[in-house]
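K.L.:
First, the structure itself, so that you have it in front of you.
The values are calculated or read from the model by the stated rules, or taken from the named source; none is laboratory data. Please read all numbers here as calculations on a predicted model, not as lab measurements. Virtual Cβ from ideal backbone geometry, glycine too; neighbours counted across all protein chains shown. Keep in mind that these areas ignore ligands, DNA and RNA; they rest on the heavy atoms of the full protein, side chains included. Shrake-Rupley method; radii C 1.70, N 1.55, O 1.52, S 1.80 Å.
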Amino acid sequence: MENKNNEVCNISIFSCFPGPWGRCMGDECGPGGIQTRAVWCAHVEGWTTLPTNCKQPERPDNQQSCFRVCDWHKELYDWQIGSWNQCRPVLSRSHEKPLECVRGEEGIQTRDITCIQKSNGVPAEDVICEYFEPKPRQEQGCLIPCRQDCIVAEFAPWSECSKTCGNGLQHRTRHVVAPPQFGGSACPNLTEFQICQSSPCTAEESLYSLNVGPWSACSVPHSRQIRNRNRQNRQENKYWDIQIGYQTRQVTCTHRNGKTAALSFCKQDKLPITFQSCVITKECQVSEWSEWTPCSKTCFDMTTPKGNRTRSRTIKQLPIGSESECPQLEETEQCVSQGDGVAPCITYGWRTTEWTECRVDPLLSQQDKRRGNQTALCGGGIQTREMYCVQKCVDFVLTASRPVDRRLCTGPLPSTSQLCHIPCPTECETSAWSAWGPCTYESCDDPQAKKGFKLRKRRITNEPTGGTGNCPHLLEAIPCEEPSCYNWRIMGLEECIPDNEKPCGPGTQVPVVICVNSDGEEVDRQLCRDAIYPVPVVCEAPCPKDCVLSVWSAWSSCSHTCSGKTTEGKQMRARSILAYAGEGGIQCPNSSALQEARSCNEHSCTVYHWQTGPWGQCIEDTSVSAFNSSASWNGEATCSVGMQTRKVICVRVNVGQVGPKKCPESLRPETVRPCLLPCRKDCIVTPFSDWTLCPSSCQEGGATVKKQSRHRVIIQLPANGGRECPDSLFEEKECEASPVCYSYRWKTHKWRRCQLVPWYVRQDSPGAHETCGPGLQARAITCRRQDGGQADISECLKYAGPLPSLTQMCQIPCQDDCQFTNWSKFSSCNGDCGGVRTRKRTLVGKSKKRDKCKNSQLYPLIENQFCPCDKYSAQPVGNWSDCILPEGKMEVLLGMKVQGDVKECGQGYRYQAMACYDQNNRLVETSRCNSHGYIEEACIIPCPSDCKLSEWSNWSRCSKSCGSGVKVRSKWLREKPYNGGRPCPKLDHVNQVYEVVPCHSDCSQYIWVTEPWSVCKVTNVDLKENCGEGVQTRKVRCMLNTADGPSDTVEDYLCDPEEMPLGARKCTLPCPEDCVMSEWGSWSRCSLPCNGSSVRERSAESLRQPNDGKSCPTSTETEICTLNKNCYHYDYNVTDWSTCQLSEKAVCGNGIKTRMLDCVRSDGKSVDLKYCEELGLEKTWQMNTSCVVECPVNCQLSDWSPWSECSQTCGLTGKMIRRRTINQPFQGDGRPCPPQMEQFKPCPVKPCYRWQYGQWSACRVEVKDAQCGEGTRVRNISCVVFDGSIEDVGKAVDEEFCGEIEPIIDGNKKIILEETCTVPCPGDCYLREWSEWSLCQLTCVNGEDLGFGGIQVRSRAVIIQELENQHLCPEQALETRPCNDGQCYEYKWMASPWKGSSRTVWCQRSDGLNVTGTVQVSTHQNSLPVIHVVMLYSSQKPVFFCYTVCEDGYTEVMSSDGTLEQCTLIPVVVIPTMEDKKGDVKTSRAVNPTQPSSNQSGRGRTWFLQPFGPDGRLKTWVYGVAAGAFVLLIFIVSMIYLAW
């Protein structure tokens, strides 16, 4: 696409500028799109102007065609990414390179990236590929490693002398360890030679050798001989055409100097054969590729895997005599179907059934077996469901879809279990019974006769929820007479008013009354018009000197709640003497008159109440059937209306049912109520799945008949009388018999006539008049089924193994040849140890030299072989298996049968494999050792034991008797968990777990009750007056407060000790003339707030006036209201949340946390809530909140899978594995999952057999008298047994053990038992065989791989037999290849211990390989050689190459091969200097620039004269000095001569 973004047209001061191209738009996908851009005209100063100011002809285009990309183009176009180019250095700012390479040189490398069409590779515009994926980067940084020089191993030992007499050569070689890389130095010579001498030669040494040349290429005979020669060898097969030709070779006589001489110089009996038959090589020919098959995936879907398509070609000509095999005949590639007519692919998804009912018992059975059989369980539970795979619909409708194969669903698996919650029923809680009410009519609106009832009631304090529990009856009735609906209630008495307006004496007190209804509520006084109004009460206003009595106390609680034959309710009241009478006054009554009793609760003890039965089943009410409707498939409730009834009877307490008239009819509970009928749910199942597929391919012979099945899934269970589920969910039937598979084999036909070399080729050979000698023969091969029927050759190529040989060498015997049959098979051994087995052959044909052929020494006819001694021994191999529980019947330890334990614990067995060996230590079948292959040993998998706690103790009493406190209950540890059991909750230091909840005690539950004060007992008795100061007492008791008043006396600690009234006090008994006052009344309430500005008061009344002259004390007493003394503030206080409380029948799930509201006085004391309620304080706290106790779900495991196939088909290390998965992870304090998710078991040991090459024989020239030239080397193939490991080289066994094993060696089907080789002639210079591949070595720096991959190297050294022929030697060879799994290696110096004054120093690689030869350093022990390490940097890590120099003061003496031989002390001339009068020695030496010079303390600066270099040669300055000395000598001689 032409890029026009940079176009700018200029005219004078105006220019037109184009904007960026917009998005490609169009109706169709592809090249028909249009894209536009804005073009505007602007002044050079930057402001825009009219387009007409710009030159229109030069205006850039604002529209162009483009390629509109659509989503489906993603399958047609893609980025083609080329490989990275060679790393090239980046020019740095400083052109100076560092002196020392540490890591390498930074560089950059590029690659080509093109957008192409996938189908044909045609380049396309980049914008198409960029639409789907950004263009990959085209440049990246790289590293050019430091150079690495070639590294070689140390020399091998010297070879033997090349000659057994006279002067010869011996050599030693080394191989390359690491090749030169990144510009490193080339490898040094890999070969070293030296002259060796043996004893003098006694005979003349031969200078000539018979040299056999290589065979020529196979030639086709002359055309006139082709028809006759190949008539018998033509194959009636279109796949090959065998032509037998011939090949020749040259035989020459070679001098030791390498030159060719006449054959007469070589001594031989007869010349070697120079011709032989051969097969004309023909390469494999195949047809053109067929068209691609349709894509296996016929629908379009980008998310699922792609389909495949294939194409094939056929063989037209099989390869004959060629080492190359036929190319691949079938090709497969991925494909995607596209186009308008391609339908979208069917997709599949998981569908689940409805959840089962929530069940608590699985959780209980996992925890406490004693609770597993409880009914009416609630709280947290588990519910499950099944999943199945269905075909997804485009318009998804919630229907029962047909299940399909689960393997079609690839999405995430839906959960099949979840925690759930069953609401726990809240029990009905009621208040205490109220006091019995007055006798009243059943209904005050309709009074009837005189029948009435006394009622007492209680109310529901906690409504029942979550269940159908009924509350007990809330009302009890007692029949009574003279009922009334309204009565007067006396609230108190007015002041005693004496009669006749006297100041004292008898009088009356008018009662203060209100009108109340039967519930005790005050009503209008008019309603009591029919009730009897209380009459005034007679009283006595004491006169002076009269006895003064206190007012009557309140009536006590009734002694009985009802009256009967043996019980009668009584209540008491009392008064006390306040002042005794004087002379003439009214005396005090006796003690009996100070107490008064009356009857109470005179009603009968016969109590009646209505008793209700449970509500019955909800029955459809046809009268309201219009509201009824059906339910949808998923159970959404659209319910119908029904009716429920229950039985209501009148019951006499402690007796039973009585007539209904005994109970108040108006208060009878209802017996009928409407209800909602649960909707009917039918069972819903899916349709049957399709039948599973029968085997589509043929079956092997004897295969069992397969079956096919189908199934369906219940997705909704029936409920409420719905239709039941069908009985059959699974069906099965047998498949139709599949055709039996054909197996194929190669059929070989008879060998054809032996074909010799053409006559015109062999006619000049000695003995050519006889038609005999070596030749070739061919045979026909066809493909057959096992039943003998013909088959296409392609079937045999696939299934029948390697192709049998089409040709073989043959021999037409000559007259002088001995002819034998092939050896027979060895006879069988009779089983006796040390027996002999034989094989035979016989002479055939007519031979002129039959006597010669009968020579058994030359031509044996019988061969004997000792039979093996069958002695076998068994021994264990490998590790013990895991402890494996037997399948089926299970012994559980200690009788503990816990859910899931049969999968996890108990007695099992572990196994160890047994191997059987024969007397030659060869692995054999274990049955030879009478073993089934295993040692079994019993073992135990301990069963997990959960933490066991006791039951909850009873709740303790509330810690406070008034207000909010806490109550506690606890569990204690009975048994700790072990073996992976369910863990304990957090315990305290005494192994207990506590549960603390707030509680509230009613402050009026227990009250102090006092009796009236006793008479004041005067301490100083005035017998005349009986008055004065004294002490009085009273009884104080703590009593349980009930609706009828205080009832039972309880322990004092239950009442508030701070509120306990006084039991004794000082008092003053008034004298007869004194004023008598009543007891003080209650203090008035202080007004709030308590700030000290208010007062409270109390008052008393004058009961008796004093005599004249005396006055009464004040009748009112006040005191200042002081905070926290007599005045208090009140406020609400909220407690902490309790722990999460569950129902008694729940083990986990939803619960409630509660807290209490407390009324707290300003001094911190909790008081009755009424004090805060009276103040109207705001209550904003929430007292209850929901909470969750996590359900302790044990880990649930699947069953063990079947044992896998053995990991090895044979050998010692094979093992079988079985696995299990986690169906339900543990939650909360559930039992954790065991760590062992898989188990292994050793496989029975089976011997491994393989074909294995033997060693190559020495290269041998077949010709008898030939000494060198082209020859052959051979090796055999044998069957070996091994233990399956790489290390085992194997031991040879009979070939029958490998009879069923295809001859494949090192992954190559082509077996090579013979190959050509070259025997060097005496004097030849030649290359040795390749060395073994070196270890894989990485490019590293400081042990870090730089990512260049590994490399291996092998080399060939040069061998010289004559020094005069060195100019004919080839170059030594080096070959490298990349490799994986390489390592980083380091190099370091190694040294042997000192032996006298010398030791051995060598360089060694980190794996122990010596990379330089040993160096004998002969020097003084205190004068060690200086070790220099040359760092040959690679791309990762410096490679160290080692050499040595002598210490200061010693010179190196090198051997002829360049190695350090010894260090010799250098004579030193000491020249004193001015700085050091003792002598400053100066010596010159060659210094390694990488080694810093150093001065030794105690010595002056020194120079050492060192004439020899590190290589042992004289240094250049020595030659210079010598030349100067020579010139000086000539000059002196000349001057002397001239002087003469």
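K.L.:
Kindly establish whether Cys772 is open to solvent by less than 30 Å² (accessible area, probe 1.4 Å), at pLDDT 85 or above and out of contact with any Ser or Thr (no Cβ under 8 Å at 6 or more places or on another chain). Steps first, answer last, please.
P.N.:
On the way: open to solvent by less than 30 Å² (accessible area, probe 1.4 Å): yes; at pLDDT 85 or above: no; out of contact with any Ser or Thr (no Cβ under 8 Å at 6 or more places or on another chain): yes.
Here the answer is no, as Cys772 does not meet what is asked.
K.L.:
Within region 516-553, can you find the residues that are part of a loop (DSSP other than H, G, I, E, B) and either among the basic types (Lys, Arg) or closer than 26 Å to Glu476 by Cβ (or both)?
P.N.:
Filtering region 516-553 for residues part of a loop (DSSP other than H, G, I, E, B) gives 518-521, 523-524, 529-536, 542-547, 550-553.
Residues satisfying the conditions are Ser518, Asp519, Gly520, Glu521, Val523, Arg529, Ala531, Lys545.
K.L.:
A further question follows. Confirm whether Ser1355 is under 22 Å from Gln170 (Cβ atoms), modelled with pLDDT of 85 or more and in a loop (DSSP other than H, G, I, E, B).
P.N.:
On the way: under 22 Å from Gln170 (Cβ atoms): yes; modelled with pLDDT of 85 or more: yes; in a loop (DSSP other than H, G, I, E, B): no.
Answer is no for this residue.
K.L.:
Here is a list of conditions, (1) touching a strand residue (DSSP E or B) at 6+ places or on another chain (Cβ under 7 Å); (2) under 30 Å from Leu419 (Cα atoms); (3) touching a residue at least 60 places away in the same chain (Cβ under 8 Å); (4) not hydrophobic (A, V, I, L, M, F, W, C), and Lys1241 meets all of them except one; can you say which number that is?
P.N.:
(2)
K.L.:
I'd like the full set of residues that are open to solvent by 50 Å² or more (accessible area, probe 1.4 Å), in contact (Cβ under 8 Å) with a residue 24 or more places away in the chain and assigned to a loop (DSSP other than H, G, I, E, B), limited to region 1094-1112.
P.N.:
Glu1101, Gln1105, Lys1110, Ser1111
K.L.:
If you don't mind, another one. Take the conditions within 18 Å of Lys282 (Cα to Cα), at pLDDT 85 or above and crowded, with 16+ Cβ neighbours inside 10 Å and apply them to Ala791. Does it pass? Write out each step before concluding.
P.N.:
On the way: within 18 Å of Lys282 (Cα to Cα): no; at pLDDT 85 or above: yes; crowded, with 16+ Cβ neighbours inside 10 Å: yes.
It is false that Ala791 is within 18 Å of Lys282 (Cα to Cα), at pLDDT 85 or above and crowded, with 16+ Cβ neighbours inside 10 Å.
K.L.:
Which of (1) assigned to a strand (DSSP E or B); (2) open to solvent by less than 40 Å² (accessible area, probe 1.4 Å) is the odd one out, the single condition Arg456 does not satisfy?
P.N.:
Failed condition: (2).
K.L.:
Take region 284-308 and flag every residue that is of a type in the set (S, T, N, Q), closer than 30 Å to Pro319 by Cα and outside any strand (DSSP E or B).
P.N.:
At the first step, the residues of region 284-308 found to be of a type in the set (S, T, N, Q) are 285, 287, 290, 293, 296, 298, 303-304, 308.
Then drop every residue that is not closer than 30 Å to Pro319 by Cα, which leaves 285, 287, 290, 293.
Scanning region 284-308 gives Ser287, Ser290, Thr293.
K.L.:
Right, next: Which of the residues that make up region 1218-1251 are modelled with pLDDT under 85 and either basic (Lys, Arg) or touching a Lys or Arg at 6+ places or on another chain (Cβ under 7 Å) (or both)?
P.N.:
Asp1229, Gly1230, Arg1231
K.L.:
Follow-up question, since we're still on this one. Would you be able to tell me the number of residues in region 1041-1055 that are out of contact with any strand residue (DSSP E or B) (no Cβ under 8 Å at 6 or more places or on another chain) and part of a strand (DSSP E or B)?
P.N.:
Number of matching residues: 2.
K.L.:
Also, I was wondering about something else. Looking at (1) under 30 Å from Pro1070 (Cα atoms); (2) assigned to a strand (DSSP E or B), can you tell me which one Val993 breaks?
P.N.:
It is condition (1) that Val993 fails.
K.L.:
Of the residues Asn189, Asn167, Asn120, only one is open to solvent by 40 Å² or more (accessible area, probe 1.4 Å) and under 30 Å from Ile1351 (Cα atoms); which?
P.N.:
Details: Asn167 fails: under 30 Å from Ile1351 (Cα atoms); Asn120 fails: under 30 Å from Ile1351 (Cα atoms).
Only one candidate passes the filter, namely Asn189.
K.L.:
Of (1) under 17 Å from Ile144 (Cα atoms); (2) without any contact (Cβ under 8 Å) to a residue 12 or more places away in the chain, Val90 satisfies all except one. Which?
P.N.:
Failed condition: (2).
K.L.:
Something else about it: Evaluate region 1364-1371: report whether one residue or more is in a strand (DSSP E or B) and either in contact with a helix residue (DSSP H, G or I) (Cβ under 6 Å, 6 or more places away or on another chain) or within 25 Å of Glu192 (Cα to Cα) (or both).
P.N.:
So the first thing to find is which residues in region 1364-1371 are in a strand (DSSP E or B), and the list is none.
No, every residue in region 1364-1371 fails to be in a strand (DSSP E or B) and either in contact with a helix residue (DSSP H, G or I) (Cβ under 6 Å, 6 or more places away or on another chain) or within 25 Å of Glu192 (Cα to Cα) (or both).
K.L.:
Considering only region 1360-1386, how many residues are touching a Ser or Thr at 6+ places or on another chain (Cβ under 7 Å) and of a type outside the set (D, E, K, R)? Talk me through it step by step, then tell me what you get.
P.N.:
Applying the first criterion (touching a Ser or Thr at 6+ places or on another chain (Cβ under 7 Å)) to region 1360-1386 yields 1361, 1372-1374, 1385-1386.
Filter again for of a type outside the set (D, E, K, R), leaving 1361, 1372-1374, 1385.
Matching residues across region 1360-1386 total 5.
K.L.:
Going residue by residue through region 1257-1280, is there one that turns out to be touching a strand residue (DSSP E or B) at 6+ places or on another chain (Cβ under 6 Å), free of Cβ contacts under 8 Å to residues at least 24 places away in the same chain and either among the small types (Gly, Ala, Ser) or surrounded by 13 or more Cβ atoms within 10 Å (Cβ to Cβ) (or both)?
P.N.:
yes
K.L.:
In region 1023-1035, is there at least one residue being assigned to a strand (DSSP E or B), more than 23 Å from Glu583 (Cα to Cα), open to solvent by 40 Å² or more (accessible area, probe 1.4 Å) and touching a helix residue (DSSP H, G or I) at 6+ places or on another chain (Cβ under 6 Å)? Talk me through it step by step, then tell me what you get.
P.N.:
Taking region 1023-1035 first, the residues assigned to a strand (DSSP E or B) are 1028-1033.
After this cut, where a residue has to be more than 23 Å from Glu583 (Cα to Cα) as well, the list is 1031-1033.
Then drop every residue that is not open to solvent by 40 Å² or more (accessible area, probe 1.4 Å), which leaves 1031, 1033.
Now drop any that are not touching a helix residue (DSSP H, G or I) at 6+ places or on another chain (Cβ under 6 Å), which leaves none.
For region 1023-1035, residues assigned to a strand (DSSP E or B), more than 23 Å from Glu583 (Cα to Cα), open to solvent by 40 Å² or more (accessible area, probe 1.4 Å) and touching a helix residue (DSSP H, G or I) at 6+ places or on another chain (Cβ under 6 Å): absent.
K.L.:
Residue under question is Ile586, and the condition is that it be in contact with an Asp or Glu (Cβ under 7 Å, 6 or more places away or on another chain), in a loop (DSSP other than H, G, I, E, B) and open to solvent by 40 Å² or more (accessible area, probe 1.4 Å); does it hold? Please lay out each step first, then the result.
P.N.:
Working: in contact with an Asp or Glu (Cβ under 7 Å, 6 or more places away or on another chain): yes; in a loop (DSSP other than H, G, I, E, B): yes; open to solvent by 40 Å² or more (accessible area, probe 1.4 Å): yes.
The answer is yes for Ile586.
K.L.:
Restricting to region 356-396, count the residues that are modelled with pLDDT of 70 or more, part of a loop (DSSP other than H, G, I, E, B) and either hydroxyl-bearing (Ser, Thr, Tyr) or within 28 Å of the chain's Cα centre (by Cα) (or both).
P.N.:
3
K.L.:
Just checking, how many residues over region 1323-1347 are open to solvent by less than 70 Å² (accessible area, probe 1.4 Å) and either basic (Lys, Arg) or touching a Phe, Trp or Tyr at 6+ places or on another chain (Cβ under 9 Å) (or both)?
P.N.:
5
K.L.:
Within region 272-309, track down each residue that is in contact with a Phe, Trp or Tyr (Cβ under 7 Å, 6 or more places away or on another chain) and over 30 Å from Gly1269 (Cα atoms).
P.N.:
Listed by number, the list holds a single entry, Arg309.
K.L.:
Additional query: Out of everything in region 1056-1074 that is open to solvent by 50 Å² or more (accessible area, probe 1.4 Å) and part of a strand (DSSP E or B), what residue ends up being modelled with the lowest pLDDT? I'd like the intermediate steps shown before the answer.
P.N.:
From region 1056-1074, those open to solvent by 50 Å² or more (accessible area, probe 1.4 Å) are 1057-1060, 1062, 1064-1066, 1068; that's our starting set.
Next, only the ones that are part of a strand (DSSP E or B) stay: 1064-1066, 1068.
On the way: Ala1064: 92, Arg1065: 89, Lys1066: 88, Thr1068: 85.
In this case the residue turns out to be Thr1068.
K.L.:
Just one of the numbered conditions (1) open to solvent by less than 30 Å² (accessible area, probe 1.4 Å); (2) under 30 Å from Gly878 (Cα atoms) is not true of Ser927; which one?
P.N.:
Just one mismatch for Ser927, condition (1).
K.L.:
What residue, among those in region 131-184 that are among the acidic types (Asp, Glu) and assigned to a loop (DSSP other than H, G, I, E, B), is nearest to Cys196 (Cα to Cα)?
P.N.:
Within region 131-184, the first condition is being among the acidic types (Asp, Glu), and the residues that meet it are 133, 139, 149, 154, 160.
Next, only the ones that are assigned to a loop (DSSP other than H, G, I, E, B) stay: 133, 149, 154, 160.
Values: Glu133: 74, Asp149: 33, Glu154: 21, Glu160: 9 Å.
It comes out as Glu160.
K.L.:
Please enumerate the residues belonging to region 559-583 that are part of a strand (DSSP E or B) and either charged (D, E, K, R) or farther than 18 Å from Cys1075 by Cβ (or both). Steps first, answer last, please.
P.N.:
The first filter runs over region 559-583 and keeps only residues part of a strand (DSSP E or B), leaving 563, 569-574, 577-579.
Selection gives Ser563, Gly569, Lys570, Gln571, Met572, Arg573, Ala574.
K.L.:
Regarding Phe265, is this residue more than 41 Å from the chain's Cα centre (by Cα) and at pLDDT below 85?
P.N.:
Numbers: more than 41 Å from the chain's Cα centre (by Cα): yes; at pLDDT below 85: yes.
Considered against the rule, which asks whether it is more than 41 Å from the chain's Cα centre (by Cα) and at pLDDT below 85, Phe265 comes out as yes.
K.L.:
Next up: Within the bounds of region 1185-1205, is there any residue that is hydroxyl-bearing (Ser, Thr, Tyr) and farther than 30 Å from Ala913 by Cβ? Give the derivation first.
P.N.:
The first filter runs over region 1185-1205 and keeps only residues hydroxyl-bearing (Ser, Thr, Tyr), leaving 1185-1186, 1198, 1201, 1204.
From what's left, farther than 30 Å from Ala913 by Cβ: 1185-1186.
Looking through region 1185-1205, at least one residue is hydroxyl-bearing (Ser, Thr, Tyr) and farther than 30 Å from Ala913 by Cβ.
K.L.:
I would also like to ask the following. Quick one: in region 196-217, of everything that is without any contact (Cβ under 8 Å) to a residue 40 or more places away in the chain and within 24 Å of Ala1357 (Cβ to Cβ), which residue is surrounded by the fewest Cβ atoms within 10 Å (Cβ to Cβ)?
P.N.:
Gln197
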